[in-house]
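Undergrad: I am attaching a structure below and will ask some questions about it afterwards.
The values are calculated or read from the model by the stated rules, or taken from the named source; none is laboratory data. All of these numbers come straight from a predicted model, not from anything done at the bench. Neighbour counts run over all protein chains shown; Cβ positions are idealised from the backbone, glycine included. The accessibility values were calculated without ligands, DNA or RNA, using every heavy atom of the protein model including side chains. Shrake-Rupley method; radii C 1.70, N 1.55, O 1.52, S 1.80 Å.
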Amino acid sequence: MGWFSLFALLIALIAAAFVLFRLYRRGLLTPVPKTALDEIMRGITPFTDIHLPKGEGPFPVVILLHGCGGVRPNMATFAQLATDLGVMAIVPDSNSFHGIAYEEALETVCTGAKLRASERAGDLHAVLELVRQHPLADSGQIILAGWSHGSWTALEALALDRAGQPPASLSELPPNGLAGIKAVFAMYPYSGFPARSRRLPWPPDIPVESLLVRGDTICNDQDSVDVFNRQIKWGADVKWRYVENATHAFDEPDHHPTSTLIFDPERAEIAYAAFQDFLTRHLKLGHGSED
């Protein structure tokens, strides 16, 4: 082997080592422990808030999946928007369940080092089972609504279920799967590597609608458009629209002091209206309320 070939081999080995180091730093080489569904259910129950509308029920349900920073005040706002329509709102706090505080979440969950969507999808399946067991829930009418990392989680669950693969945190695919889910509302989702939606199709019978931020600096909007177009070719029902002149998480009023993200009340109203319109179109409302 000549000196040029040795030099090329050395460069290749250095590049491979660098890639492995980056993957290690991001936690992508750390295996996720496999857990039974009922164990996750018991664990996440104390970290799950249930917002009930007025009336006797049973109520249709929306599961609100927070962004990478955890449950922020905007989740309570959207929960109120749901209950105003007679919809039960379920807000699981995956970060707290996994022992991840806000500052740590910004350093780890938001960078992909911890609690990636393939793992958090196990939390979602546990919450779906909690909904099915709740006496006031109409388990045949469930909406998934996600924000950023939460949208990634919801879309990851679609891709894994269609492929017959369990989430990384579950020992097996839950028997009830995505039963009862009518549609997914995805706010500025993460669609970059390693999102499985880039290569695995979603179920064709669960519509997905998304609000994207033009020029999103956190979750690249073009990545999502590419995924959406690919999913449409594979038979999925996908629609999206842009919110212009806004930043990622424009509807969140309490960003970290060092964040470049900006809360925009005017554009938040766009999200509020889109959310309530989505629930109205995909759920049968009113039969469980007192109005």
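Undergrad: Taking a probe of 1.4 Å, how large is the accessible area per residue of region 147-291, in Å²?
TA: 45 Å²
Undergrad: With a 10 Å cut-off between alpha carbons and a GNM built on the chain, which of Gln222, Gln133, Gln80 moves the most?
TA: Ranking Gln222, Gln133, Gln80 by mean-square fluctuation puts Gln133 first.
Undergrad: Sort 82-93, 40-51 by the packing proxy (mean of other Cβ within 10 Å over each peptide's residues), most packed first.
TA: Descending mean neighbour count gives 82-93, 40-51.
Undergrad: Rank Lys233, Lys54, Lys182 by mean-square fluctuation in a GNM of the chain with C-alpha springs under 10 angstrom and give only the top-ranked residue.
TA: Looking only at Lys233, Lys54, Lys182, the biggest GNM fluctuation is shown by Lys233.
Undergrad: Taking a ≥ b ≥ c as the square roots of the eigenvalues of the Cα gyration tensor of the chain, is the shape rounded (a/c under 1.5), prolate (a/b larger than b/c) or oblate?
TA: Cα axes put the chain in the prolate bin.
Undergrad: Another question about this same structure. Under a point-charge model restricted to the Cβ atoms of Lys and Arg (+1) and Asp and Glu (-1), what is the dipole moment magnitude of the chain relative to its Cα centre, in debye to the nearest 20?
TA: 1140 debye
Undergrad: Roughly how many percent of the accessible protein surface of the chain is carbon and sulfur, given a 1.4 Å probe and a whole-percent answer?
TA: The C+S portion of the solvent-accessible surface of the chain is 56 percent.
Undergrad: At 222 nm, what value in deg cm²/dmol follows for the chain if DSSP H runs of at least 4 each add -39500 (n - 2.57) and the sum is divided by all its residues, to the nearest 500?
TA: -12500 deg cm²/dmol
Undergrad: I want to verify a result. In a Gaussian network model of the chain, Cα cutoff 10 Å, which of these has the top mean-square fluctuation: Leu200, Leu65, Leu155?
TA: Of Leu200, Leu65, Leu155, the most mobile in the Gaussian network model is Leu200.
Undergrad: Under the definition of Cα pairs under 8 Å and six or more residues apart, what whole-number percent is the relative contact order of region 139-193?
TA: Taking the mean separation of contacting Cα pairs over the length of region 139-193, I get 56 percent.
Undergrad: Indicate the helices, whole DSSP H runs only, in the chain that combine a mean Kyte-Doolittle hydropathy of -1.0 or more with a Cα extent along their long axis of 30 angstrom or more.
TA: 3-25
Undergrad: Remind me, relative contact order of region 155-291 in percent, using alpha carbon pairs under 8 angstrom and six or more residues apart?
TA: Computed over region 155-291, the figure is 20 percent.
Undergrad: Please tell me the relative contact order of the chain in percent, rounded to the nearest whole number, where contacts are Cα pairs under 8 Å and at least six residues apart.
TA: Once divided by the residue count of the chain, the mean separation gives 20 percent.
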